[in-house]
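The structure appears below as structure tokens.
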Amino acid sequence: MMQRSIINFLTDVSGEEVQKVSTLVDTANDTIDRYFGIVTTFDVLICRGSWEMEVQIISRRKEASDGSIYSDTKFVGMTDYRLQEIVIRYDIAKYGHYLHELIHGVISKSHTHQLREGLAWYFTLKLTEDYRYVRPSYPSWVDEMYVYPIKRLAEIVGEEFLKDFAIGRASLDHETLPKDVQELFLPEEIFYAEKRHRK
């Protein structure tokens, strides 16, 4: 049996809430295991309310040594690759938030930040296609910046290859890909500078 995530509660919760969170994490992990053949071993930290989530975001910004940006799309959940932790704001998180962050936990750390983000959004949307009501909401710029380029990549390399690529079991020469897809492979600072320049 594969080692699964350890769930730690940073807030007071009832036994019923513990059970609900455990079920959401287990269900998301089962979905990921069936699709990718692996599950994350990242710890899952559960907090409640905007203040507790903000504390987690601020503390990680200070500690981040790789320049990672925690964008405002992640105020319900975020994944810290360096500490191998997933933080989820329990009071407003839907199943899709758990799924999205746990997918982040299986994506190869060797990918750029924006490539991981695009892959996580793409697979979250793919795995919730028949259950749209459980999807996390997100701003429209996420489609433009991340989802559409990954969809193009999937059309080029195929779904099975993209799954293997996402988790680090396959590699590709990104130099031959369309420009919008190539940009996902750029260093983070250059990627975001390019996007700001176009606005």
Report yes if some residue within the stretch 154-174 is in contact with a strand residue (DSSP E or B) (Cβ under 9 Å, 6 or more places away or on another chain), open to solvent by less than 10 Å² (accessible area, probe 1.4 Å), under 20 Å from Thr31 (Cα atoms) and of a type outside the set (S, T, N, Q); otherwise report no. no
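Does Glu144 meet the test of being under 30 Å from Val18 (Cβ atoms) and at pLDDT 90 or above?
Details: under 30 Å from Val18 (Cβ atoms): no; at pLDDT 90 or above: yes.
No: the conditions fail for Glu144.
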Apart from one, (1) at pLDDT 90 or above; (2) surrounded by fewer than 18 Cβ atoms within 10 Å (Cβ to Cβ) all hold for Tyr192; the odd one out is (1)
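Please list, ordered by residue number, the helices (runs of 4 or more DSSP H) wholly in the stretch 90-199 having 1 or more residues that are more than 29 Å from Ser50 (Cβ to Cβ).
Details: elements: 95-104, 113-127, 148-157, 159-166, 179-182, 188-198.
Hits in the stretch 90-199: 113-127, 148-157, 159-166, 179-182, 188-198.
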Suppose we filter the stretch 39-62 for residues that are open to solvent by 40 Å² or more (accessible area, probe 1.4 Å) and touching an Asp or Glu at 6+ places or on another chain (Cβ under 7 Å); how many remain? 2
Regarding the stretch 87-101, can at least one residue be identified that is at pLDDT below 80 and either in contact with a strand residue (DSSP E or B) (Cβ under 7 Å, 6 or more places away or on another chain) or among the acidic types (Asp, Glu) (or both)? no
Of these, Asp91, Asp180, Asp143, which one is farther than 22 Å from Thr40 by Cβ, in contact (Cβ under 8 Å) with a residue 40 or more places away in the chain, open to solvent by 10 Å² or more (accessible area, probe 1.4 Å) and charged (D, E, K, R)? Asp91
Only one of these is at pLDDT below 90 and hydroxyl-bearing (Ser, Thr, Tyr): Thr23, Thr73, Thr31, Thr40. Name it. Thr73
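The values are calculated or read from the model by the stated rules, or taken from the named source; none is laboratory data. In this text, all values refer to a predicted model and were calculated from it rather than measured experimentally. Using ideal geometry, Cβ is built from the backbone for each residue, glycine included, and neighbour counts are taken over all protein chains shown. Note: areas computed on protein heavy atoms with side chains; ligands, DNA, RNA excluded. Shrake-Rupley method; radii C 1.70, N 1.55, O 1.52, S 1.80 Å.
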